[in-house]
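All of the numbers you see were taken from the coordinates with simple rules; none came from a lab. Here the structure is a predicted model, which means the values were calculated and not measured. Cβ atoms come from the backbone with ideal geometry, glycine included; neighbour counts cover every protein chain shown.
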Amino acid sequence: MTARGPKHSFFGISFEIRNDKKVELSTKDQLGEAIASFPMELDKAVSSPSARQLFMVDEKCEPLKNKQKEIIRFITAKLLFLMNIGQQRIN
C-alpha cells in the first residue's frame, strides 16, 4: 500500500480522501498502464465494445509470438480484475 497524505494506492485502486470526508476511487492509472503495455498498435477507434469488427478474425494473419501471447494474457487478466473491482463498487 502506498500512502501520500490523503492519497493512497492499494491493489491498483487509487483512493483519495477529500476534505468533505468522502472517498474518491479510481482505476485510471491501471487502465492507462494496460493500454500503454499493449504490444501492438491500437490504430482504430470503435464506438462500442460490441462493434462488429472487434469480432471478425483475420484468418491470414500470422500467429502471435510467445512473448506477445504472455503480454496479452497478462493485460486481459488485469482488465478482468479491474472490471471486477468496478462491478463490486457499483453493486
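When DSSP beta bridges are restricted to pairs lying wholly in the chain, around 100% turn out antiparallel. Put simply, when 22-34, 59-71, 40-52 are sorted by average Cβ atoms within 10 angstrom per residue, most first, you get 22-34, 59-71, 40-52.
Placing unit charges on each Cβ (+1 for Lys and Arg, -1 for Asp and Glu) gives segment 1-71 a dipole about its Cα centre, and among 51, 10, 31 the Cα reaching farthest toward its positive end belongs to 10. The number of Lys pairs in the chain with C-alpha atoms less than 26 Å apart, excluding pairs fewer than 8 positions apart on the same chain, is 17.
One entry in [x] 8.6; [y] 6.6; [z] 7.2 is mean projected area of the Cα convex hull in nm² calculated from the shown coordinates; its label is [x].
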